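Reading through the structure tokens given below for one structure.
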Amino acid sequence: MPKNIFAEAAEGEIFRDEKFLYPEFVPERLPYRDAQIDEMVHAFQPVLKGGKPQNVFVFGASGTGKTVTVKYVLRELEAFSNRAKGLYLNCFEYNTRQAVLNQICVFLGVPVPRRGIATDEVYSELLLALKKADFVPLIVLDELDQLMASNTASLVLYDLLRVVEFQKSRLGIIIISNDESLVAKLDPRVRSSLLHNPVEFAQYTPVQLKEILKERAKYAFNENAIDAEVINVAAGHAAKNKGDARLAIESILRAGRIASREGSSKVQVSHLRTAFDSIHSRALDKAKDFLDLNEKNILKLLCEEDGLVSGKLFAKFKKQFGEKALTQRSFRKKLNRLESLKLVKMEAVEKGIRGRTRTVKLAQGKKEILDTIG
Ligand SMILES: Nc1ncnc2c1ncn2[C@@H]1O[C@H](COP(=O)(O)OP(=O)(O)OP(=O)(O)O)[C@@H](O)[C@H]1O
Ligand SMILES: [Mg+2]
């Protein structure tokens, strides 16, 4: 009888279970993050005795484990007690005041229609739902930078903080950002109550990255399928790239897949080197699912001709995509958003009597951008 095609594919298998290397996987242990975990435990533990949680501001560079550590702490808290529940919101996905409030309502068990209802009505629903809730919600706003345009972050935080202040409801806020100065940029009304518990995530050292990788690889790969040398090179590469653990983990995942496809019995450094080339920058990776057509079109124009003055870029945009595609004001907003996503850089240039203008430059590689946005 011929072999089952899956049995054949499983033979000489590299992976025990590759899910241990997925970006959304939350491991049982997070080496080198004990201090940060302790700080969060300290901030949330009053909830266990019927008290109020403290708000937390988590900051640090990309790939330092902020998201995974917050998710881990909330998972532990929920497993230990039913007095608190975490809601994780990524502000790339929920990037308006209404979207955030809606999600919190849904989380509290009052689904609200996505459209056709005023934000203030959503807020009233939220207040009612909070009064009835039999647990304390801990709301995580990851990538809060994405709400900084038009003061949205301050408005949302004010909404949530005044619930605590005036309604005497209990609720905790956890903000996550790459930018240490983010809270200082918020409205003074919300700033002070978010500054008490800053939790810093420092970059991992090469040795730390190696240990983290070893631990994750132990679960993901079959015994002897990956050499210490591969782990060392992956850790070294990530260390050179700002201590980004995501890069380290993704590179061994991809190397493992390449090795599997080649029918190799082991992951080799050559597989890893191929994997390095296929990994996109973090900025593109984060933004890719949340770009609209106009934003993609602006990037495409810049791929054709980089470093244009914004006025010229707008003229080119109109010529190619129609006069009505975007107003100048909306176009400017799109550029600001692309800048906040770290996909373009804008530089002010002095320009005679017409005052200051800006040149727009790609902040990521052209090929990488085109590969990602298609
Ligand atoms: N101490 C650790 N132990 C095991 N895995 C870790 C550790 N720190 C980070 N990771 C893993 O590294 C990857 C990146 O971590 P995470 O997404 O939490 O970074 P981040 O700080 O949120 O980055 P960004 O600012 O880009 O969102 C994830 O796959 C995560 O599971
Ligand atoms: Mg994160």
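The values are calculated or read from the model by the stated rules, or taken from the named source; none is laboratory data. Nothing here was measured: the structure is a model prediction, and the numbers come from that model. Backbone-built Cβ (ideal geometry, glycine too); neighbour counts: all protein chains shown. These area figures cover heavy atoms from the full protein model, side chains too; ligands, DNA and RNA do not enter into them. Shrake-Rupley method; radii C 1.70, N 1.55, O 1.52, S 1.80 Å.
Could you check segment 89-98 and list, in sequence order, the residues that are touching a residue at least 12 places away in the same chain (Cβ under 8 Å) and either open to solvent by less than 70 Å² (accessible area, probe 1.4 Å) or away from ligand 2 (no atom under 14 Å from the Cβ) (or both)?
Scanning segment 89-98 gives 89, 90, 91, 92, 95, 96, 97, 98.
Here's the yes/no breakdown for (1) within 13 Å of ligand 2 (Cβ to nearest atom); (2) within 22 Å of the chain's Cα centre (by Cα); (3) touching a residue at least 40 places away in the same chain (Cβ under 8 Å):
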{"site": "53", "(1), (2), (3)": "no, no, yes"}
{"site": "57", "(1), (2), (3)": "no, yes, yes"}
{"site": "60", "(1), (2), (3)": "yes, yes, yes"}
{"site": "66", "(1), (2), (3)": "yes, yes, yes"}
- Task: Please state which one of 155, 126, 194 is open to solvent by 60 Å² or more (accessible area, probe 1.4 Å), among the aliphatic types (A, V, I, L, M) and away from ligand 1 (no atom under 16 Å from the Cβ).
- Result: 155
- Scanning segment 135-166 for residues that are closer than 16 Å to residue 55 by Cβ and of a type in the set (Ser, Thr, Tyr), the one nearest to ligand 2 (Cβ to nearest atom) turns out to be 154
- Item | Search result, residues across segment 158-189 that are without any contact (Cβ under 8 Å) to a residue 24 or more places away in the chain and within 16 Å of ligand 1 (Cβ to nearest atom) | 181
- Residue under evaluation residue 73, criteria (1) farther than 23 Å from residue 230 by Cα; (2) within 13 Å of ligand 1 (Cβ to nearest atom); (3) surrounded by fewer than 21 Cβ atoms within 10 Å (Cβ to Cβ), criterion not met: (3)
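Here are 202, 149, 184: which of them is surrounded by fewer than 16 Cβ atoms within 10 Å (Cβ to Cβ), at pLDDT below 90 and among the small types (Gly, Ala, Ser)? Can you show your working first?
Details: 202 fails: at pLDDT below 90; 184 fails: at pLDDT below 90.
Going through 202, 149, 184 in turn, the sole match is 149.
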- Query: Quick one: which of 338, 272 is surrounded by 19 or more Cβ atoms within 10 Å (Cβ to Cβ), not assigned by TED's automatic domain parsing to the domain that holds residue 252 and not basic (Lys, Arg)?
  - Reply: 338
- Query: Scanning for something among the acidic types (Asp, Glu) and either buried (at least 19 other Cβ atoms within 10 Å of the Cβ) or within 16 Å of ligand 1 (Cβ to nearest atom) (or both), does segment 111-123 turn up at least one residue?
  - Reply: no
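Given 23, 27, which one is surrounded by fewer than 17 Cβ atoms within 10 Å (Cβ to Cβ), within 16 Å of ligand 2 (Cβ to nearest atom) and either of a type in the set (Gly, Ala, Ser) or closer than 24 Å to residue 145 by Cβ (or both)? Full working, then the answer.
On the way: 27 fails: either of a type in the set (Gly, Ala, Ser) or closer than 24 Å to residue 145 by Cβ (or both).
Criteria check complete, one pass: 23.
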- Query: Given (1) assigned by TED's automatic domain parsing to the domain that holds residue 69; (2) open to solvent by 70 Å² or more (accessible area, probe 1.4 Å), where does residue 223 come up short, assuming only one miss?
  - Reply: (1)
- Inside segment 106-122, can you point out the residues that are within 19 Å of residue 154 (Cα to Cα) and touching a Leu at 6+ places or on another chain (Cβ under 6 Å)? 122
- Query: Among the residues of segment 208-229, how many are within 15 Å of ligand 1 (Cβ to nearest atom), touching an Asp or Glu at 6+ places or on another chain (Cβ under 9 Å) and of a type in the set (A, V, I, L, M)?
  - Reply: 2
- Message: All but one of (1) over 19 Å from residue 15 (Cα atoms); (2) of a type in the set (Ser, Thr, Tyr); (3) more than 11 Å from ligand 1 (Cβ to nearest atom) hold for residue 251; state the number of the condition that does not hold.
- Response: (1)
- Query: Looking at (1) surrounded by fewer than 20 Cβ atoms within 10 Å (Cβ to Cβ); (2) under 22 Å from the mean Cα position of the chain (by Cα); (3) part of a helix (DSSP H, G or I), can you tell me which one residue 45 breaks?
  - Reply: (2)
- How many residues are closer than 17 Å to residue 197 by Cβ and either more than 7 Å from ligand 1 (Cβ to nearest atom) or not polar (S, T, N, Q) (or both) if we restrict to segment 52-70? 11
